[in-house]
Structures are given as structure tokens and as C-alpha cells.
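Peer 1: Take this structure, written in C-alpha cells, and hold onto it; I'll ask about it next.
The values are calculated or read from the model by the stated rules, or taken from the named source; none is laboratory data. Just so you know, these numbers come straight off a predicted model, no measurement behind them. We place every Cβ from the backbone using ideal geometry, glycine too, and count neighbours over all the protein chains shown.
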Amino acid sequence: MADVVSELRQQVGVETILDTASLSMRARNYWDSTPLEALALARPRTTEELSRILSVCHAHGQTVVAHGGLTGVCDGDRSTAGDVIVSLERMNSIEEIDVVGRTVTVQSGCRLQHLQQAVEQLGLFLPLDLGARGSCTLGGNVATNAGGLNVIRFGMTRGMVLGLEAVLPDGTVISSMNRLLKNNSGYDLKQLFIGSEGTLGIVTRVVLALKERLPSTNTALVTIDRAEHLATLLREMDRRLGGTVSSFEAMWGDYYREVTAPGGHHSPLGRQHSFYVIVEARGPDPVEDEHRFQAAVEAALQGGLIVDAVLPKSETERESIWKIRENFEALRRYEPLFLYDVGVPLRNMLEYVEGVRSDLQERWPNSRLFVLGHIGDGNLHFFVAPEVKGNNVNELHAASDEIVYRPLAHIGGTVSAEHGIGLEKKAWLSVSRSRAEIELMKTLKRALDPKCILNPGKVIEV
Ligand SMILES: Cc1cc2nc3c(=O)[nH]c(=O)nc-3n(C[C@H](O)[C@H](O)[C@H](O)COP(=O)(O)OP(=O)(O)OC[C@H]3O[C@@H](n4cnc5c(N)ncnc54)[C@H](O)[C@@H]3O)c2cc1C
């Protein structure tokens, strides 16, 4: 295997290929600070360099794992001591922002927040947004088909990608850099790579569709005490705000109390309520939009849908409300803690959550379940803390998975709404996908990666 490293260095230069010794200072990922394991880490500067790297790996049957910002949450980025990592960190430029055509062409190692800021300076708006914006990359967002905070109005990453370029496991470059909104000429090849979690090709460049920047953003944090009012409030706000609602983020009371406990986030409202929702709307007219938004919140209060509400008066206050939703560091004191990302039809959501809670309590009486989510998208995140000492963490995780995932099949749910499958949920893919679907995924994998060198063992077993 050392031959591979020498050959890679001959092909693209010594400073592009870091060896094992130089990796000891790099953390495994956002969640785990143990040192990164790999045979070598390649940092190509161009698509052409990456193509040469993959050709060498392909010839040697060398396994390869793509790395973006390492914020992924299902072990899709996990490497072993025998893998070559390809990090897109040096392919991070914004190549072109086309103000007239409202597109941006960007290399996949560019960080999301950097791109958001660059397009905003030109009066445009990239609707993709998630809590990891400061660290995650466009390549990772595309590879995981990231969702995030604006999906209810603007959709997922898949819907924003017009074109992309990817390098196949054998080094072939597929350049599909379409900039047109409509292009039905043959198979839509880019969709093969979007959401494939680095198993079919490494994404190098992306063309994204942009929107006009909307000058008004109105936000409210509201409280709800009756569970059935969650869905009604969503419909009411959507109806009154004429389709401008861009976020509808719910936090169950246990989660809210935990992250706003003394030493945590400031709570602008009483902490005794059953649910907390951040509603946000974006529109074209700051005066009119604010008026309409306040009226909608007022109507929800008058109608008894919500119990209390706070509307931030400054950007700082707005950010402090969003931190309650986005920054869950306080939960890290629970060990172990398992994160889930399930999708559930809205009409089954409350019953499903209570079923999971009761099954967890039956299994581990002291367990804690913290729930939050993009519920307008039918997407819930759970943090499960079994709160039992001295048990094998893998066994606890498996038992927790069973409780969370098993009921999903009956209600048409999914084991992953937006994070992907990676290694962590592979065993549960069949809850959300039929045997025929999984077979077709395997056929695609074998066709594009016959030697199975790219992110092997992730998503599906071939
Ligand atoms: C605080 C926080 C909040 C988050 N909130 C959300 C959220 O709201 N919605 C959401 O969807 N996710 C969320 N995530 C998860 C994560 O940020 C996303 O999955 C993100 O898209 C991963 O991007 P990344 O660059 O960090 O990818 P990585 O973690 O580096 O990689 C993720 C996967 O993509 C593959 N990959 C990376 N780059 C490429 C490439 N160029 N070509 C091919 N494959 C590649 C990797 O091999 C791996 O399988 C959150 C994470 C954190 C830490």
C-alpha cells in the first residue's frame, strides 16, 4: 500500500499528499476529537489533480473517502487506517456569481456561510441554511442532499443544484455544469451524485440557483401547550402569511428547558410550556410584512393557538432565539447520547413521539428524550440519553435504534430525513426502502464503482 502513496506523490506532488504522521493533529470530525485515521490524505487543487489521484487509487484497488467540512452526523466520513482521504479543502473558490442568470458556480470545498455572504453582497440569496453553515461545505451539502432551516419554503439542496461536476472512481470527469432552470436532455445525471454520500463520485464543482435577497425577515418564538395546536398553527401561519413562511422549527419542552437551564441560553419566555416554535417569514416589503406578521401572531394568541410570544426587536435578539434551536451543546453532558433524524407524516408525529418516549421509559426508566425538528417538513431530531451506567454503548445504541426506527415502517416514515445513511443507519435502510429499491442502488454502485473503492461499506453493502 505504501506504493500507492509514492505513486500519488509522483503524480500530484509531495505537498498534496499528507502521510499518516502529518494527520495526528487533525480531528476525526466535528463530533469526535480523536485523531484522524488514514493511509494518506490528498488535498487536490483542481479537478484534473483529483482525476489523477482517483486513477491511481483505482488501479491499485485503493479505498477512498471524501471529506468536506466533517460536520456529517452518520459516520459517512469515517475512514480507517487503510483508506486514502480526499479532502476538498483547497478547492474552495467561488468561480462566478451570475447576477443576471441568478446562478453561482462554486468549487465544492467552499464553506456554506462564505457562499451565503458572498451572494448576499450582490443582492441575491442562497436559500440553503443549516446550523453547521460555518464549517460544512457545498460538496458535503450536495453529497448529503442537506435540508436545514428553510426547506419548508425553498426545498432541499437537490432542488437548488442546476449542474455539477464529479470525478468517478476510475478518474473519469463527468462535467454536467448546466446553468439552465429547464434542461430535459436525457437522464438528469447530477441527481445520481446528490445525496449519494460520496459513494458514486467525488463532487468538485456545483452550479446553484439563487433567489433575490428578500429585505424583510420577521421572526417569532411562540409557546404552545396543546400538542394538536402545532399543526394548526403551521397551517394558520402559512395561510395568513401567503406562503412566505420560511422556517417552522419546533422544540419540545424538555429540550427547551435543558438548553435554557442556568448557564445555558437566555430564555425570553417562561420555561414551563409544552412546546416552543420559531416561526420565520421572509418577504419583499419590510413595513407591510412586519404588519402582516404581527397580525398573524396576534390572531394566533387571540384564537388560543399559542399561549405566549416574543418578537425580537434586533438582529442580536433574533440570533439569540435561533441559538436556542441551533446550539445544543448543553446536551453533551449526557453520555452516551444518540442523535436521530427521522421523517414522519405530520398527522402521525405526536403519537409516534409519545410511543417512542414510552418505549424508552419502559426500557430505561431514567432515560431522557429531547425532541426538536423542522416539523413543517415532517422532520424530527431526537437526542436519546439512556441514562444507565456501565452498559456497552453499542448495545445501548442498538436497543435505542430499535425503539426509534421499528415503528416507522407502519406509518410511512424514514430513518433519515436529511442527514443520510452513512454507516450508522445502513442496517435500517430497509425500513424506508423496498428490497427492489436497494437492489437498484446496488446495481448503480456496481456500475459506477465496480471495484467498490469509493466510501466502501457506506449506505449499502455491495
Ligand atoms: C450543528 C449542526 C447542525 C446541523 N444541521 C443540519 C441541518 O439542519 N440539516 C442537515 O441536512 N444537516 C445538518 N447537519 C449535518 C451536516 O452539517 C450536513 O450533513 C452537511 O451537509 C455535511 O457537510 P460537510 O461538508 O460537513 O460534509 P462531511 O461531513 O465532510 O461529509 C458528509 C458526507 O458527504 C461525503 N462528501 C463530503 N464532501 C464530498 C464531495 N465533495 N463529494 C462527494 N462526497 C462528499 C462524505 O464522504 C460523507 O459521506 C448539521 C450538523 C451540525 C454539526
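Peer 1: I need every pair where a residue in the stretch 129-144 that is in a loop (DSSP other than H, G, I, E, B) has its Cβ under 7 Å from the Cβ of a residue that is of a type in the set (S, T, N, Q) and near the ligand (Cβ under 6 Å from one of its atoms), sequence separation at least 6 or different chains.
Peer 2: From residues that are in a loop (DSSP other than H, G, I, E, B), the pairs are Ala132/Thr71; Ser135/Thr71; Cys136/Thr71.
Peer 1: Name the single residue that is farthest from the chain's Cα centre (by Cα) among those in the stretch 89-111 being over 15 Å from Leu164 (Cα atoms) and within 15 Å of the ligand (Cβ to nearest atom).
Peer 2: Arg90
Peer 1: Taking the conditions exactly as written (modelled with pLDDT under 95 and not assigned by TED's automatic domain parsing to the domain that holds Pro169), does Pro35 satisfy them or not? So that I can check it myself, show each step before the final result.
Peer 2: Working: modelled with pLDDT under 95: yes; not assigned by TED's automatic domain parsing to the domain that holds Pro169: yes.
The answer is yes for Pro35.
Peer 1: Thr34 - would you say it is over 25 Å from Arg446 (Cα atoms), touching a residue at least 60 places away in the same chain (Cβ under 8 Å) and surrounded by fewer than 19 Cβ atoms within 10 Å (Cβ to Cβ)? First the steps, then the outcome.
Peer 2: Working: over 25 Å from Arg446 (Cα atoms): yes; touching a residue at least 60 places away in the same chain (Cβ under 8 Å): no; surrounded by fewer than 19 Cβ atoms within 10 Å (Cβ to Cβ): yes.
It is false that Thr34 is over 25 Å from Arg446 (Cα atoms), touching a residue at least 60 places away in the same chain (Cβ under 8 Å) and surrounded by fewer than 19 Cβ atoms within 10 Å (Cβ to Cβ).
Peer 1: Next question. Of all residues being more than 12 Å from the ligand (Cβ to nearest atom) and touching a helix residue (DSSP H, G or I) at 6+ places or on another chain (Cβ under 6 Å) in the stretch 43-52, which is nearest to Arg28 (Cα to Cα)? Just the residue, please.
Peer 2: Our first condition is that a residue be more than 12 Å from the ligand (Cβ to nearest atom); within the stretch 43-52, this holds for 43, 45-46, 48-49, 51-52.
Restricting the remaining residues to those that are touching a helix residue (DSSP H, G or I) at 6+ places or on another chain (Cβ under 6 Å) gives 43, 49, 52.
On the way: Arg43: 16, Glu49: 24, Arg52: 25 Å.
Within the stretch 43-52, the match that is nearest to Arg28 (Cα to Cα) is Arg43.
Peer 1: Let me ask another. Just give me the residues in the stretch 162-172 being touching a strand residue (DSSP E or B) at 6+ places or on another chain (Cβ under 6 Å) and either within 13 Å of the ligand (Cβ to nearest atom) or of a type outside the set (A, V, I, L, M, F, W, C) (or both), in sequence order.
Peer 2: Gly163, Leu164, Glu165, Ala166, Val167, Pro169
Peer 1: Which one of Leu124, Leu181, Leu115, Leu192 is more than 10 Å from the ligand (Cβ to nearest atom) and modelled with pLDDT under 95?
Peer 2: Numbers: Leu124 fails: modelled with pLDDT under 95; Leu115 fails: modelled with pLDDT under 95; Leu192 fails: modelled with pLDDT under 95.
Exactly one residue qualifies, and that residue is Leu181.
Peer 1: In the stretch 131-155, what residues are within 8 Å of the ligand (Cβ to nearest atom) and among the hydrophobic types (A, V, I, L, M, F, W, C)?
Peer 2: Within the stretch 131-155, the subset within 8 Å of the ligand (Cβ to nearest atom) is 131-132, 135-149.
Scanning the stretch 131-155 gives Ala132, Cys136, Leu138, Val142, Ala143, Ala146, Leu149.
Peer 1: Return the residue satisfying two criteria in turn: it lies in the stretch 78-88 and is hydroxyl-bearing (Ser, Thr, Tyr) and part of a loop (DSSP other than H, G, I, E, B), and of such residues it is nearest to the ligand (Cβ to nearest atom).
Peer 2: Kept after step one, since they are hydroxyl-bearing (Ser, Thr, Tyr), are these residues of the stretch 78-88: 79-80, 87.
Next, from what is left, pick out any that are part of a loop (DSSP other than H, G, I, E, B): 79-80.
Values: Ser79: 9, Thr80: 13 Å.
Going through the qualifying residues, I end up with Ser79.
Peer 1: Still on this model: Looking only at the stretch 145-169, which residues are assigned to a loop (DSSP other than H, G, I, E, B) and surrounded by fewer than 18 Cβ atoms within 10 Å (Cβ to Cβ)? Explain how you work it out, then say what you get.
Peer 2: Initially, the stretch 145-169 is screened for residues assigned to a loop (DSSP other than H, G, I, E, B), giving 145-147, 149-150, 155-156, 168-169.
If the condition is that a residue be assigned to a loop (DSSP other than H, G, I, E, B) and surrounded by fewer than 18 Cβ atoms within 10 Å (Cβ to Cβ), then Gly155 is the only one that fits.
Peer 1: OK, next. Which of the residues belonging to the stretch 54-77 are more than 9 Å from the ligand (Cβ to nearest atom) and on the phi > 0 side of the Ramachandran plot? Steps first, answer last, please.
Peer 2: Within the stretch 54-77, the subset more than 9 Å from the ligand (Cβ to nearest atom) is 54-64.
Residue satisfying the conditions is Gly61 alone.
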